[in-house]
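Undergrad: After the structure tokens below, expect a handful of questions from me.
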Amino acid sequence: MEENGTAAKKENISRKDFLSLTGKTVAAGAAGSIALGGLLPNELWAQSTTRAMSPPADIPPGTEDPIVLEEWKSAVDQQSGPTPTPLPPGMRIRYAIVGLGHLALEEIIPALGSCKKSKLTALVSGSPEKMKKVAAQYGIKAENCYSYQTYDQLKNNREVDVIYIVLPNSLHKEYVIRGAKAGKHILCEKPMAVSSKECEEMIEACEAAKVKLMIAYRIQYQPHNRKLRELVQQKTFGVPKFIEASNSQSSANPAHWRHKKALAGGGALPDIGLYCLNTNRFILGEEPTEVFAYSYSTPGNPLFTEVEELISWQMRFPSGVIANCSSDYNVHESRHYRVLCEKGWLNMDKAYAYKGQKLMTAKAEGKMEKQEEIGLAENDQFAAEMDHFSDCILNNKRPFTPGEEGLQDHIVMEAIYQSAREGKPVKLTHNLKSTMRGPEPKTE
Ligand code: NDP
């Protein structure tokens, strides 16, 4: 297994050298044999001391240190953070985006414009006209535009390091495995797949190809949610006891893939309820041992003939915390959670939204209840998660949200569905290792 930046070998390869080696290796690999001592392109990259342990040779020394500006604000105002330290564009990790739908066009591709370690170099789409337009808008070369049929040819493209899968859920497995076989690192949207078995196959394929796999759990890279997790785990408000969490919205198009079981795998649960599940696990740092669930779909509503409308479930954690979660596809948007602790509570409004998180806390102070908002600067969650993955590639680290994180959510979701079907609690006997995560992401 990898990594944590300590396993780098003593070779000293510049990016230019690496790229030329990668090209030769890929060409040889495509011809049925692997050159350069049997190393795959990503191993060469990972084993480059220059990349793994220190800034690449052609980055001027000190580029990664923030520029210190003259202070002028008084201490009574919120201070600005350190100046950003973007990598020079030529040194950034290069992404191919697969599937040009709402998330890719509205969030991910615009976010790449504000990344510091990542950039867009290729597109994959089944809609040539749309792709041509997007390519023109973002300056992507025609030869870096692929269809689903020509997707595997990405293996010959030396201008792509990462493939980011933004397709309907049931297509994730195929495109992750094909992408890994093309020798590219993989970032995959949530939910990771449509079953835990698929997740296992995806993890195995990436391990076999020696490429990194990360699941795009953006909330785990979001400052307010990270701060709440820190306060809970430090027991700032005493021992956490109970969590209420809900992520709900409405939808209107029964023809959309989200309402087709074969493409979505399920309804509200894997699409949005997953945020309650994943964020609870993240903030507690524990794995549920038992779940109990109810599910409901309004009879005759064409939106919910194949997938569930409402799912509500409880999870029991080893520390004794019980989380009460719900997700509905047929109500006005509402995304929040509250952690009740012995000496106070922490509340997150707009918890799982793309922006606008509001973190409130409460505790007793004498005869008063003191409620406080913790004001933090917002980030672009998509840029943060992509830059984390790029950082893992540049420094040969395991991602903070690796494939096993997605697998774990699928194991719990399967137990939730089983409980809703059978009308009784379901125990979870798996024993997930806390070491599955890579190091905490760097924050700027
Ligand atoms: P969209 O339906 O908007 O886009 C999906 C794209 O996939 C389509 O535009 C299409 O792109 C491509 N595609 C390929 N095959 C099919 C098919 N059979 N049916 C439909 N589309 C197909 O979905 P989203 O962008 O909302 O979601 C994509 C993924 O991102 C999902 O896994 C979802 O769960 C996840 N997601 C994550 C979010 C987050 O916050 N992390 C938020 C929203 C979604 P093309 O025409 O280019 O081929």
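Undergrad: What FRET efficiency comes out for the pair Q418/E70, r = Cβ-Cβ distance, R0 = 51 Å, nearest 0.05?
TA: In this case the efficiency is close to 0.25.
Undergrad: Next question, about the same structure. Translational diffusion coefficient, Stokes-Einstein: compute it for the range 300-444 using the Kirkwood radius over C-alpha pairs as Rh, at 20 °C and 1.002 mPa s, and state it as an integer in µm² s⁻¹.
TA: 113
Undergrad: Taking every Cα atom in the chain, find the radius of gyration and the maximum pairwise distance Dmax, and write them in Å.
TA: 22.6, 77
Undergrad: Oh, and also: Treat the count of other C-beta atoms within 10 Å as a stand-in for reagent exposure and order T279, T443 from fewest to most.
TA: Lowest count first: T443, T279.
Undergrad: Follow-up question, since we're still on this one. Could you list R158, R229 in order of exposure, starting from the residue whose Cβ has the fewest other Cβ atoms within 10 Å?
TA: Listed from fewest to most nearby Cβ atoms, that is R158, R229.
Undergrad: Here's another thing I want to ask about it. What span do the alpha-carbon atoms of the range 219-377 cover on each of the three principal axes, reported in whole Å from largest to smallest?
TA: The principal-axis extents, from largest down, are 55, 33, 29 Å.
Undergrad: Still on this structure, please answer the following. Where both residues lie in the chain, what percent of DSSP beta bridges are antiparallel, nearest 5?
TA: Within the chain, antiparallel bridges account for around 65 percent of the total.
Undergrad: How big is the range 89-216 in terms of Cα radius of gyration and Dmax, in angstroms?
TA: Rg then Dmax for the range 89-216, in Å: 13.6, 39.
Undergrad: Based solely on its DSSP helices, what 222 nm [θ] is calculated for the chain when runs of n ≥ 4 H residues each add -39,500 (n - 2.57) and the sum is averaged over all residues, nearest 500 deg cm²/dmol?
TA: Result for the chain: -8500 deg cm²/dmol, rounded to the nearest 500.
Undergrad: Report the Cys residues of the chain lacking a disulfide-compatible partner, meaning no second Cys Cβ under 4.7 Å from their Cβ.
TA: When partners are defined as cysteine Cβ atoms under 4.7 Å apart, the chain leaves C115, C145, C188, C199, C206, C341, C392 without one.
Every read-out reported here was derived from the displayed coordinates using simple, explicitly stated rules and does not represent laboratory data. Source: prediction; values computed, not measured. With ideal geometry, Cβ positions are generated from the backbone for all residues, glycine too; neighbour counts draw on all protein chains shown.
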